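Values quoted throughout were computed directly from the atomic coordinates according to the rules given, and no laboratory measurement underlies them. Note that the coordinates shown come from a computational prediction; the quantities given were computed from them, not determined experimentally. Virtual Cβ from ideal backbone geometry, glycine too; neighbours counted across all protein chains shown.
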Amino acid sequence: MYLGRVTGRLVATVRYEGMDGVKLQLLESLDEAGVPTGEQLVAACALSVGPGDLVHYVDGREAALALPDETFVPVDVAITGFVEQAEVNGAELPLEAPQ
């Protein structure tokens, strides 16, 4: 499980069978201190989040299994949770993206 921040939404007009209704989000990977790593990912979203939200995500086979009612769809990254609070070495991570 990894930490990330949603940076945008994506729209796909043609989708793989089984991906109908699955939202796609642009996701910025964060390190253990909450600092962006520079890596941008396209993630299937198993819940309702939007740009600026701090989330946790999974990759690989677990990502395909995280989607509701679907298994073995071609997904490499899936957002699985919304982070409400995060603390690293006694300091709280900001929930909102820095301006």
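The strands (runs of 3 or more DSSP E) found wholly in the chain and carrying at least 2 residues that are out of contact with any His (no Cβ under 9 Å at 6 or more places or on another chain) and not small (G, A, S) occupy 2-10, 23-30, 36-45, 54-59.
Please indicate, with yes or no, whether at least one residue in the range 33-48 is loosely packed, with under 14 Cβ neighbours inside 10 Å and at positive phi. The answer is yes; a qualifying residue exists. Taken as a whole, the structure leaves Y16 outside the set of residues that are of a type in the set (F, W, Y) and surrounded by 17 or more Cβ atoms within 10 Å (Cβ to Cβ).
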